[in-house]
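Notes follow the structure.
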Amino acid sequence: MKVVFHEKFKCSDYALGGASAPGRMESIITALKTDGYIVVSPEPASYEDLLLAHTEAYIADIRKDRKLFEMACLSAGGAALAAQMAFNMDPAFACIRPPGHHASRDKTWDYCAFCNMGIALLKLKAEGFITSAFVLDFDAHTGDGTINVLSQWPEAKVFNPMAHNRKDYIKVIEDYISNVRYVDIVGVSAGFDTYEKDLGKKLETTDFYLIGRLMKHLAKRVCRNRRFAILEGGYYIPDLGKNVAAFCHGFN
Ligand SMILES: [Zn+2]
């Protein structure tokens, strides 16, 4: 498995709020480099790529903020690269920001700009590589943007697990994916704010490992191992690196 990352993602002044917090990307990339993953750099998504998921008016609105727009294009490009690598049997985790799962076709909220997962999958579809996909979004917040952007594509299924405790959360994922049949690719919107010390107050570090492993096994069963994951939320910086590393360990 490889890691998609660009040094520019360390820049924290492109926006305000938790996703752009200083030190956030450093904590993750330091942990992943320690684990020996090869890092590859993405190119920014093109205007045509953005149009796969968003309206012209929405893109123009984001573009008014030059710094945010540049970072958001690079983030979407990172997701697209991870998906392309996954399709080519080279699993990948994209360590990117801003996140994207709250970005719908024509509006957004929280820290999201462009729908990174939606763009990545719709690009593979537009290029004729895939006709179906399964997405697990384990962020503490429902990925309403991804659901909206992929809503016109019935063969793309998005699952946001809900449960009151960590044990049930893993069980809910296991039960759901046991019914997933053949798809062309498995994508994971990896939000680490489900962590016990983060906003979601639920999962332990070992649970991220378990989720990564479940997704790896799912990909092995349903799509000849074609799998990728992209970073969404996760704001408890002291443990963020180890949590992402745990997920990647299971996913690898
Ligand atoms: Zn979140």
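The values are calculated or read from the model by the stated rules, or taken from the named source; none is laboratory data. On a predicted model such as this, the values are computed, not experimentally measured, just so you know. No Cβ is skipped: glycine too gets one built from the backbone with ideal geometry, and neighbour counts run over all protein chains shown.
Here are some residues: K2, K67. Which one is at pLDDT 95 or above, surrounded by fewer than 15 Cβ atoms within 10 Å (Cβ to Cβ) and more than 10 Å from I96 (Cα to Cα)? Write out each step before concluding.
Numbers: K2 fails: surrounded by fewer than 15 Cβ atoms within 10 Å (Cβ to Cβ).
None of the others qualify; the one that does is K67.
Could you grab me the full set of residues in segment 221-235 that are assigned to a loop (DSSP other than H, G, I, E, B) and either within 13 Å of the ligand (Cβ to nearest atom) or basic (K, R) (or both)?
Of segment 221-235, the ones assigned to a loop (DSSP other than H, G, I, E, B) are 223-226, 232-235.
Selection gives R224, R226, E232, G233, G234, Y235.
Can you tell me which of I130, I185 is under 21 Å from L231 (Cα atoms) and in contact (Cβ under 8 Å) with a residue 12 or more places away in the chain? Outline the logic, then answer.
Working: I130 fails: under 21 Å from L231 (Cα atoms).
Every option except I185 fails the conditions.
Look through D61, D137, D106, D90 and report the one residue that is under 27 Å from R224 (Cα atoms) and more than 12 Å from the chain's Cα centre (by Cα). Break it down into steps so the answer makes sense when it comes.
Working: D61 fails: under 27 Å from R224 (Cα atoms); D137 fails: more than 12 Å from the chain's Cα centre (by Cα); D106 fails: under 27 Å from R224 (Cα atoms).
None of the other options fit; the residue is D90.
Quick check: anything in segment 207-219 in contact with a helix residue (DSSP H, G or I) (Cβ under 9 Å, 6 or more places away or on another chain), farther than 25 Å from W109 by Cα, not polar (S, T, N, Q) and not in a helix (DSSP H, G or I)? Steps first, please.
Pass one, segment 207-219, residues in contact with a helix residue (DSSP H, G or I) (Cβ under 9 Å, 6 or more places away or on another chain): 207-219.
With the extra rule that they be farther than 25 Å from W109 by Cα, the set shrinks to 207-219.
If we keep only those that are not polar (S, T, N, Q) too, we end up with 207-219.
Adding the requirement that they be not in a helix (DSSP H, G or I) leaves none.
No, segment 207-219 has no match at all.
Inside segment 179-204, can you point out the residues that are more than 16 Å from the ligand (Cβ to nearest atom) and surrounded by fewer than 18 Cβ atoms within 10 Å (Cβ to Cβ)? Give the steps one after another, and end with the answer.
At the first step, the residues of segment 179-204 found to be more than 16 Å from the ligand (Cβ to nearest atom) are 179-187, 204.
Residues satisfying the conditions are N179, V180, R181, Y182, E204.
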